[in-house]
Amino acid sequence: MLTKTRAAKTAHRSQPRPGFFSEDEHAFIEGFLRDGYAIIPLEQKDRLDEVRRRVYELGCEHLGLKGSKRPSLEEFLDHTERFAGVESLNALRLAVINGLNSDAQLMRGFFDMARRPIEWTVGNEIAMQRTINLSIQLPNDDSSLLPLHSDVWDGNSPYEIVLWLPLVDCFKTKSMYVLPRAQSRKRIAEMRGLKGFDAEKLFQRIKPELVWLEVPYGSAVLFTHCLMHGNRINEEKTTRWTFNIRLKGLLTPYGAKELGESFLPVTTRPATRIGFEYLQEEKS
Ligand SMILES: [Fe+2]
């Protein structure tokens, strides 16, 4: 852990020169630094509607829901438990995700819908996860829970952020929770040096400090996975459908998920390409 003097000496390395950000960019950045997350309205809502439609079609196709058996889009997403049991959920998830991952236009749509806040958070040379992840959480299903954690504890880079994007309104236990940044830092500092911990016990202890994110359809969450976060059993009456995609500054340090493997560059600028190619040529 950094001592106070060392922390003060190294702070200048990450603190930007004042006045270089626009006013709204500055306000967003200050909020993200304070909370470690931001709930953002998505742009180009028709592209989100298109993704939702595609998910519905892929899901119905996989489950053989045709003709009069085919429910409305709303019923399918809200009450997925009427068409798929817990045991068949993973196959449904994979069928949908494989259908989406093979569509480059749709993949780009995810990025475009949140491009401005993503760039404000990680910069404009970005590496994006090669594939998107989908999570489906039926009401009262305890099979796909994420206990309190930070992804950095599993070796992921602390420079990554997550775009968490729901296809339905998410609220209360149908959503995810985060421990805002100041509290996360404090709790993580307390835990440093401990050999292990009981996630459930810690969850119960810090429950009053957790924030359950209210994310209506048409919005998404950007959060740093340095924060402690997780989910619980969905005790609401409808199913949760959410995507998550990792993003990071292309040239920031990588962790367990590497460039070329899990991450692909998406917005490399010419100076970076020229520099990279120059150094490669020098080596050969
Ligand atoms: Fe996580």
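Computed from point charges on the beta carbon alone (+1 for Lys and Arg, -1 for Asp and Glu), the dipole magnitude for region 106-158 about its Cα centre is near 280 Debye. Couplings 3J(HN,Hα) of region 172-185, computed from phi: 6, 6, 7, 10, 10, 10, 10, 9, x, 4, 4, 5, 4, 4 Hz, in residue order, whole Hz [Karplus 6.51 cos²θ - 1.76 cosθ + 1.60, θ = phi - 60°; x for Gly and Pro].
Taking a straight line from the alpha carbon of Lys195, these lysines sit under 19 Å away, with near neighbours fewer than eight places off in the same chain left out: Lys186.
Each part reduced to its alpha carbon centroid, region 53-74 and region 270-284 end up 49 Å apart. Model label points for Trp153 and Lys237, set 7 angstrom from Cα along the Cα-to-Cβ axis, are 3.6 nm apart. Our coupling estimate for region 250-261, obtained by passing each phi through the Karplus curve with A = 6.51, B = -1.76, C = 1.60 and θ = phi - 60°, is 3, 9, 7, x, 9, x, 4, 9, 9, 5, x, 9 Hz, Gly and Pro reported as x. Scalar couplings 3J(HN,Hα) for region 64-72, obtained by applying the Karplus form with A = 6.51, B = -1.76, C = 1.60 to θ = phi - 60°, are x, 8, 10, x, 6, 6, 6, x, 5 Hz; x denotes Gly and Pro.
Its alpha carbons give region 80-197 an Rg and a Dmax of 17.1, 47 Å. In terms of its C-alpha gyration tensor, region 1-151 has a prolate overall shape, because the principal axis ratio a/c (a ≥ b ≥ c, square roots of the eigenvalues) is not below 1.5 and a/b outweighs b/c. The distance linking region 92-146 with region 162-235 is 18 Å (Cα centroid to Cα centroid, whole angstrom). Percent of Cα pairs in the chain per distance bin of 5 Å, from zero to the largest separation: 1, 5, 11, 14, 17, 17, 13, 10, 6, 4, 2, 1, 0, 0.
Can you tell which of Cys170, Cys60, Cys226 shows the greatest fluctuation in a Gaussian network model of the chain with Cα springs below 10 Å? With Cα springs under 10 Å in the chain, the top fluctuation among Cys170, Cys60, Cys226 is at Cys60. Computed over the alpha-carbon pairs of region 32-112, the distance histogram in 5 Å steps reads 3, 13, 21, 19, 16, 13, 9, 4, 1, 1, 0 percent, short to long.
Every number in this text was worked out from the coordinates using simple rules, so none of it is lab data. Not measured: the values here are computed from a predicted model. Cβ atoms come from the backbone with ideal geometry, glycine included; neighbour counts cover every protein chain shown.
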